[in-house]
Amino acid sequence: MGAAAGYIMEALKSASWIRKMFEEGIRLKGQYGEDNVYDFSLGNPDVPPPPEVGRALAAFAETTSKPMSIGYMPNAGYSSLREALARKLASEQKVSLAGKDIIVTCGAAGGLNAFFKAVLDPGDEVIAPSPYFVEYATYVSNHNGVFKSAPTKPGTYELDLEAIEAALTEKTRVVLINTPNNPTGQIYSEDQIKQLGELLGSRKPGGRPIFLCSDEPYRFLAFDGAVVPPVLSHYEFSVVANSFSKSLSLAGERVGFLALNPDMEDQAGLMAGLILANRCLGYVNAPSIGQRIVEQALGAQADVSIYDRRRKAMAEVLDAAGINYPTPKGAFYFFPDAPGGDDVEFCRALQEERILAVPGRGFGCSGAFRLAFCVEEKVIRNSAESFVKATARFK
Ligand SMILES: Cc1ncc(COP(=O)(O)O)c(C=O)c1O
């Protein structure tokens, strides 16, 4: 018998692709040197936080002589931050929001866990379009839910509403979308979101509404003037999860939030459930220092132009190797087709050329692979020859 519970053992298996690549990266870097390994395996935002973050931290240090400056707080977070977030979100989501509609959470991950804890009964189903962020399945099973996926449109990875409709059952409780998407970089159109809202609004399995949860930590990172459409204005039972892990490069400080549609039936009941879940899951509240930083730096963001230059560099490298991909509209990932068709085999060939990528099957989608371009531009450019060599094996 293993030391860990069965469902954790299962989760370890499915998360193992990213972990395997991470470990392989350490081994290869030890053997060939840091500069000779091209590691595109991890989505860890490396662009420095904007200067407002450092300034907020310094200003915060001046306040620590006051009692309770780093003390417990209401479980939903500082009310001044909730109000500031409501003002920002109102313009993004095209609904009128107040502080009471927002709960500050330990990142988007903590927010999604609190949400599933609050809404799932044992056996309830959560559907996510595939490919999907691999941790979703674990977040759902943490709270006795059943994770299911529905394919997106082949080639473009746009939402496939018929596939989602076909996956709905009497047990469906949540449809979970992620836009801009990890791993595809797709941004779902406003029309698709509106139609998804209409589809879900037409169903009430077992007399209960189906929630639409939109996970949006890459909302700030949209390229070529693309706009990430609102979700809250399109469906009554909608919830947005977001965080500052990427937008302020603050991933280690664990600050995110959930915003609830203000017009949702029994919205106050759901908010009370979320506040209790935040507490009883052991998060208690999102970190106080992080919340103070976020409040001061709310109008700022990491430099999107750096990511855009890297996106262009990566596109040039893939073009030169003859690898096909849908151009990412947002986030910091490419999800190209694996030459030869087998994602694991192609990632192995890449690895032999000292490139680390993650096979698509790790995201519930075989035949493609993920490249995270949150690495310096020179790493991307220096990898060009290795991509050509790995691809040549499949011609
Ligand atoms: C799609 C998606 N959702 C959620 C998360 C979790 O982010 P956070 O640091 O906000 O918990 C990530 C992190 O990479 C992500 O890519």
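The table for this structure:
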quantity: Sequence of Val375, Val284 when ordered by accessible area, the most exposed leading, probe 1.4 angstrom; calculated: Val284, Val375
quantity: Potential lengthening between Leu276 and Gln195 on full extension [0.36 nm per residue; Cα-Cα distance subtracted]; calculated: 25.9 nm
quantity: Charge sum, other residues only, whose C-beta stays under 14 Å from Phe22's C-beta, Lys/Arg counted +1 and Asp/Glu -1; calculated: +2
quantity: q = 0.06, 0.14, 0.15 Å⁻¹: log10 I(q)/I(0) that the Debye formula gives for the chain, counting C-alpha atoms only; calculated: -0.24, -1.28, -1.43
quantity: R0 of 25 Å, Cβ-Cβ distance Asp342-Leu42: FRET efficiency to nearest 0.05; calculated: 0.65
quantity: Using θ = phi - 60° and Karplus 6.51 cos²θ - 1.76 cosθ + 1.60, couplings along the stretch 151-167 (whole Hz; Gly, Pro as x); calculated: x, 8, 6, x, x, 9, 6, 6, 4, 10, 5, 5, 5, 5, 4, 5, 8
quantity: Under 15 Å from Lys329, Cα to Cα: aspartates and glutamates that are on another chain or at least 8 residues apart; calculated: Glu158, Glu190, Glu216, Asp224, Asp308
quantity: For the stretch 239-395: accessible area per residue (Å², 1.4 Å); calculated: 37
quantity: Solvent-accessible ranking of Phe244, Phe22, largest area first, probe 1.4 Å; calculated: Phe22, Phe244
quantity: Peptides ranked, highest mean first, by Cβ atoms within 10 Å: ranges 324-330, 56-62, 353-359; calculated: 353-359, 324-330, 56-62
quantity: In order through the stretch 385-395: 3J(HN,Hα) via Karplus (6.51 cos²θ - 1.76 cosθ + 1.60), integer Hz, x for Gly, Pro; calculated: 5, 5, 4, 4, 5, 5, 5, 4, 5, 10, 9
quantity: Nonlocal amide H pairs with Leu356, under 5 Å, H built at 1.01 Å; calculated: Tyr38, Asp39, Phe40
quantity: Rounded percent of accessible protein surface that carbon and sulfur make up, the chain, 1.4 Å probe; calculated: 52
quantity: Accessible area per residue in Å² at 1.4 Å probe, computed on the stretch 127-186; calculated: 34
quantity: Sorted peptide list for 194-203, 141-150, criterion being average Cβ within 10 angstrom, highest first; calculated: 141-150, 194-203
quantity: Highest-first arrangement of 180-191, 340-351, where packing means the average Cβ count within 10 Å; calculated: 180-191, 340-351
quantity: Extension gain (nm, one decimal) between Lys13 and Lys389, 0.36 nm per residue minus Cα-Cα; calculated: 132.3 nm
quantity: Long-range amide H partners of Asn242 with built H, under 5 Å; calculated: Glu216, Phe257
quantity: Gain in span if fully extended, Arg27 to Ser91, counting 0.36 nm per residue against the direct Cα distance; calculated: 18.4 nm
quantity: Amide H within-cut-off set for Phe369, under 5 Å, with H built and near neighbours excluded; calculated: Ala338, Gly360
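The values are calculated or read from the model by the stated rules, or taken from the named source; none is laboratory data. A quick note: this is a predicted structure, and the numbers were derived from the prediction, not measured. Here the Cβ is made from the backbone with ideal geometry for all residues, glycine too, and neighbour counts use every protein chain on show. When the accessible area is computed, the model is the full protein with side chains, heavy atoms only, and any ligands, DNA or RNA have been set aside. Shrake-Rupley method; radii C 1.70, N 1.55, O 1.52, S 1.80 Å.
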